[in-house]
Amino acid sequence: MKFVPREKIYENYIKKLSPVSTIEILDVREALGRICAQDILSGEILPGFNKSTFDGYAVRAEDTIGASFETPVVLKVKGRVEMGKTFKGEITSGEAVKIPTGGFVPNGADACVMIESTKEIGNTVEIYAEVLPGENLVRYDEDIREGEVVVEKGERINFGHVYTLLSLGTTTIKVFRKVKVAVISTGDEIVEPESAKELTQIRDGNTYTLVSWLNLFPGVEAKRAAQIIDDLNSLINSVKEALKDNDVVVISGGSSVGEKDFTTKAISSLGEVRYHGTWIKPGKPTVFGVCDGKPVLGLPGKPSSFIVSSYLFLFPILKHLAGQKDFLPAPAGMVKIVDEVQAEMRRERFLFVKVFKKDGKMCATLIPGQSMLISPFKKADGIIALPPGEGIRAGEIREYYRFDW
């Protein structure tokens, strides 16, 4: 087993995998979370007209110079703007038009006065506040300009993209097809969750939990393909079968170097093991292979190693294959660590944390537990990274990686 830094895995393994190229056309209303397959340009200007940001009066800003509660400016009310309609005519000096929030600002007007700073008397309005040109309105081209890229190729489609596209009248979008993942569970000691078990057996939480986690991402279609005993031929046949209809195969367990750890042998018989072992804790014995041009990943069976390896390596692989341009793990923010952590080994370490807010600051406390335990995970919001050989003094600020997609 030869250990390498995770950056080497990213550069020489994940980045060199070939993303899917098949494109699907979806209704924008069904595309949330998918990966955009082409740059999308706006065919319109938004909002397309000068729009009031408050209820009030559209005016010429120069007519309000010097206006105050002591010395109001009196303007003639020329009419009112109806929502969804333009205003016929033009405002000239000494005139105002009543306008609702989001209403069309009449030609000739270059500002709006909030209704709280006015009082309508008959066919006139008293103005109690001076406004500047452009105040309390959105210019016709301030939001989106024609020809502007509103969604980039490789972007994961979010709520804002959907809102923008529908506002522009774009109702279909090209996305990359979903990445298909098969997860294989291994181990003589593993039984199904609903099964009665012997004292030393383990119900399979790893693979079912991973499949549920992966299927939260709309760009992935994951399934548990098989549960097999520790037998090399059975594993080879299961991987071979999974490769037929899937883009990625994940093997849970058997990634170390024990007598019954067959993951590397199975991958080698069907393709090539690129790396076996990465310089992190937990997750050291992760296996990275390629069979039939497809990634086959061997994840360690210990719960903490399984979770961390999935987050640091499997998730980036799937995002990259799905066509997402930003696919490497990125910090969700900075947190203040309330605990002290002793410096240890030369490996990069990842510690499970619970995040909370105290005195207006985001803080995190460590969740203790050995790698074989499962109870810490229900409390963990994510992980923090410790460079090789480093510890943490209580009160230090560190990057925090949240457990989400």
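Of everything in the stretch 216-233, what is in contact with an Asp or Glu (Cβ under 7 Å, 6 or more places away or on another chain) and either surrounded by fewer than 16 Cβ atoms within 10 Å (Cβ to Cβ) or charged (D, E, K, R) (or both)? Give them in sequence order. The answer is Ile229, Asp230. If you scan the stretch 273-293, which residues turn out to be assigned to a strand (DSSP E or B) and within 19 Å of Lys16 (Cβ to Cβ)? Correct list: Val273, Arg274, Tyr275, His276, Thr278, Val287, Phe288, Gly289, Val290, Cys291. Within the stretch 61-91, which residues are open to solvent by 30 Å² or more (accessible area, probe 1.4 Å), among the β-branched types (Val, Ile, Thr) and touching a Gly at 6+ places or on another chain (Cβ under 7 Å)? The answer is none; no residue qualifies.
Is it fair to say Val4 is open to solvent by less than 50 Å² (accessible area, probe 1.4 Å), within 30 Å of Arg145 (Cα to Cα) and among the β-branched types (Val, Ile, Thr)? Step through it out loud before you land on a result.
On the way: open to solvent by less than 50 Å² (accessible area, probe 1.4 Å): yes; within 30 Å of Arg145 (Cα to Cα): no; among the β-branched types (Val, Ile, Thr): yes.
When the stated conditions are applied, Val4 does not pass them.
Can you tell me which residue among Ser21, Ser52 is surrounded by fewer than 13 Cβ atoms within 10 Å (Cβ to Cβ), of a type outside the set (A, V, I, L, M) and either touching an Asp or Glu at 6+ places or on another chain (Cβ under 7 Å) or under 30 Å from Thr164 (Cα atoms) (or both)? So the residue among Ser21, Ser52 that is surrounded by fewer than 13 Cβ atoms within 10 Å (Cβ to Cβ), of a type outside the set (A, V, I, L, M) and either touching an Asp or Glu at 6+ places or on another chain (Cβ under 7 Å) or under 30 Å from Thr164 (Cα atoms) (or both) is Ser21.
Would you be able to say whether some residue in the stretch 96-114 is open to solvent by 40 Å² or more (accessible area, probe 1.4 Å), farther than 22 Å from Phe49 by Cβ, at pLDDT 95 or above and not in a strand (DSSP E or B)? No, the stretch 96-114 contains no residue that is open to solvent by 40 Å² or more (accessible area, probe 1.4 Å), farther than 22 Å from Phe49 by Cβ, at pLDDT 95 or above and not in a strand (DSSP E or B).
Could you say which residue among Ile236, Ile173 is open to solvent by less than 30 Å² (accessible area, probe 1.4 Å) and either basic (Lys, Arg) or part of a strand (DSSP E or B) (or both)?
Values: Ile236 fails: either basic (Lys, Arg) or part of a strand (DSSP E or B) (or both).
Result of the check over Ile236, Ile173: Ile173.
Taking each residue of the stretch 357-385 that is farther than 12 Å from Ile337 by Cα and looking for partners that are of a type in the set (Val, Ile, Thr) and modelled with pLDDT of 80 or more with beta-carbon atoms closer than 6 Å, six or more apart or interchain, yields Pro376/Ile367; Lys379/Ile367; Ala380/Ile367; Asp381/Val355. For the stretch 34-48, the set of residues classified as in a loop (DSSP other than H, G, I, E, B) and surrounded by fewer than 16 Cβ atoms within 10 Å (Cβ to Cβ) consists of Gln38, Asp39, Gly43, Glu44, Gly48, listed by residue number.
Given the structure, is Phe288 open to solvent by less than 50 Å² (accessible area, probe 1.4 Å), out of contact with any Ser or Thr (no Cβ under 7 Å at 6 or more places or on another chain) and modelled with pLDDT of 95 or more? Here the answer is yes, as Phe288 does meet what is asked. Of everything in the stretch 298-314, what is touching a Gly at 6+ places or on another chain (Cβ under 9 Å), in a helix (DSSP H, G or I) and either over 16 Å from Ile14 (Cβ atoms) or not polar (S, T, N, Q) (or both)? Give them in sequence order. Across the stretch 298-314, the qualifying residues are Pro303, Ser304, Ser305, Phe306, Ile307, Val308, Tyr311, Leu312, Phe313.
Conditions tested, residue by residue: (1) in a strand (DSSP E or B); (2) closer than 24 Å to Pro5 by Cβ.
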{"position": "Pro329", "(1), (2)": "no, yes"}
{"position": "Met334", "(1), (2)": "yes, yes"}
{"position": "Asp339", "(1), (2)": "no, no"}
{"position": "Met345", "(1), (2)": "no, yes"}
{"position": "Phe350", "(1), (2)": "yes, yes"}
{"position": "Lys354", "(1), (2)": "yes, no"}
{"position": "Lys357", "(1), (2)": "yes, no"}
{"position": "Met362", "(1), (2)": "yes, no"}
{"position": "Thr365", "(1), (2)": "yes, no"}
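When Glu126 is tested against the conditions (1) in contact (Cβ under 8 Å) with a residue 24 or more places away in the chain; (2) open to solvent by 40 Å² or more (accessible area, probe 1.4 Å); (3) closer than 28 Å to Gly48 by Cβ, the lone failure is (3).
The values are calculated or read from the model by the stated rules, or taken from the named source; none is laboratory data. If you're wondering where the values come from, they're calculated on a predicted model, not measured in any experiment. Note that we place each Cβ from the backbone using ideal geometry, even for glycine, and neighbour counts take in every protein chain shown. All accessible areas refer to the heavy atoms of the entire protein, side chains included, with ligands and DNA or RNA removed. Shrake-Rupley method; radii C 1.70, N 1.55, O 1.52, S 1.80 Å.
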